[in-house]
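Each reported figure results from applying straightforward, stated rules to the coordinates on display, with no laboratory input. Since the structure is predicted, the reported quantities are computational estimates derived from the model, not experimental observations. With ideal geometry, Cβ positions are generated from the backbone for all residues, glycine too; neighbour counts draw on all protein chains shown.
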Amino acid sequence: MNRKIAPSLLSADFGKLREDIEMINASEADWFHIDVMDGVFVPNITFGFPVINYIKKYAKKPLDVHLMIIDPDRYIEKFKDSGADILTVHYEACIHLHRTIHKIRESGMTAGAVLNPHSPVLLLEDILSDLDLVLLMSVNPGFAAQKFIANTYEKIRKLNQLRTDRNTKLLIEVDGGIDLANAQKLFEAGANVLVAGNSIFSSADPVKMISDLKNSGR
């Protein structure tokens with residue numbers, strides 16, 4: 001299985017953001033994970049378009065933009081113009097998820113749906129063939145450095161079975177509380193992409209931590 005690591009810039013040092021971007025460029029990481037929060041869908045506010053434009057200027061790897069906002073359809077083209085390569089939207093925030101996903105794909109971006117910890121994977125059963133990826137939240141969205149929710153393993157296994165039945169090209173991404181204690185188990189359950197923030201940026205050697213996460217158990 002092709003493993004991917006997507007460091008979350010929510011945990012980066014914004015005072016030396018370019019330095020952290022260059023660190024990720026030089027590492028074994030595959031994507032930059034960018035959490036966009038509006039203070040309404042989740043109780044926090046993060047990156048706006050000027051910051052995403054800045055990241056894109058220096059990033060040498062795809063931007064994986066995770067929208068934690070209400071009515072994301074308003075901004076799909078603007079995120080494309082700002083450099084998003086992958087755009088994921090919450091099932092819980094989209095009234096017409098099928099239409100939203102197709103708008104993302106028509107704009108030329110990889111399209112994904114996100115599920116909060118309380119949302120069962122069967123909610124995506126009827127749209128799975130239209131998705132490029134599913135992002136499972138393994139913490140409640142809104143803040144970094146939260147404790148991993150153990151039920152995520154079972155959700156990955158259930159989604160992996162749906163993938164086998166309906167869309168074998170689907171990527172399963174997991175975000176929240178990921179570190180060396182659970183990375184191997186997540187990959188073994190069927191995850192392809194791990195989003196890690198605090199465990200990378202609080203490490204004495206972030207480049208080594210990225211490598212250790214990616215190769216956990218190998």
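Numbers below:
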{"item": "Qualifying lysines (Cα of each under 28 Å from Cα of LYS103; at least 8 residues distant if same chain)", "result": "LYS4, LYS56, LYS57, LYS60, LYS61, LYS78, LYS80, LYS155, LYS158, LYS169"}
{"item": "Calculated [θ] (222 nm, deg cm²/dmol) that DSSP helices of n ≥ 4 give over the chain, each run adding -39,500 (n - 2.57)", "result": "-9500 deg cm²/dmol"}
{"item": "Ascending count of other beta-carbon atoms within 10 Å, so fewest first, for ILE21, ILE104, ILE156, ILE45", "result": "ILE45, ILE21, ILE156, ILE104"}
{"item": "Net charge dipole size for the stretch 4-213 [Lys, Arg +1 and Asp, Glu -1 on Cβ; Debye, nearest 20]", "result": "160 debye"}
{"item": "Relative compactness, the stretch 4-213, computed as alpha-carbon Rg over 2.2 N^0.38 Å", "result": "0.94"}
{"item": "Equivalent ellipsoid, the stretch 86-172 (semi-axes from 5 times Cα gyration tensor eigenvalues, Å)", "result": "21, 16, 11"}
{"item": "Separation between Cα centres of the stretch 46-72 and the stretch 117-142, rounded to whole Å", "result": "21 Å"}
{"item": "Efficiency of FRET from Cβ geometry, ALA150 and ASP81, R₀ 41 Å, rounded to 0.05", "result": "0.55"}
{"item": "Relative exposure of GLU188, GLU19, judged by other C-beta atoms within 10 Å (fewest first)", "result": "GLU19, GLU188"}
{"item": "Listed peptides 173-182, 77-86 by packing density, highest first (mean Cβ within 10 Å)", "result": "173-182, 77-86"}
{"item": "The stretch 7-128, relative contact order in percent, only Cα pairs under 8 angstrom and at least six apart counted", "result": "20 percent"}
